[in-house]
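Here's the structure we're looking at; comments come further down.
Laboratory data are not the source of any read-out in this text; all were calculated from the coordinates shown. This structure is a prediction, so every number in the text was calculated from the model and none was measured. Don't worry about glycine lacking a Cβ; one is built from the backbone with ideal geometry, like all the others, and counts go over all protein chains shown.
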Amino acid sequence: MIMKTIQILLVAIFSLVLASCATTKNDRLYNATWELEYISGPRIAFDGLYPDKKPQITFNKETMRAQGNNSCNGYSANYTLDRNSISFGEPGPTTMMYCGDGEVVFLNMIKKINKYSFDSEGKLNLMLDEIPMMRFRKIR
């Protein structure tokens, strides 16, 4: 009887530890504004794509919407999380000002993202499978 109680207690503690680890990782997304500092793919230099303003993203835990600025126009999209997987819905609505290729590159890339991670410096990596495609630094 005592062994059974100890086993149940250990399983409960182990479950709580696992749940708190997952919650901590996801919680790092929230209450922050993330600014893009790297994007994979384009042949144009990063500063050429985003000469005046870099894209930003914030995550709302309650509404499960990501929103921000894609360097020129505002955007908003639903997102889903499952452990280290993330996916974004179709971005919209956006304002309609044209500011070069950076906006298109950003919006096309975010649709391809299927995972996320944080590196040792606390930067947010949005990935396509195991390949980091976008890297953000926390600015707020």
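Assorted remarks:
- Highest average packing first - 43-49, 112-118, Cβ atoms within 10 Å: 112-118, 43-49
- Listed peptides 68-80, 127-139 appear in the order 68-80, 127-139 once ranked by packing, highest mean of other Cβ atoms within 10 Å at the front.
- Lysine pair number, Cα distance threshold 16 Å (strictly under), the stretch 31-138, separation 8 or more or different chains: 5
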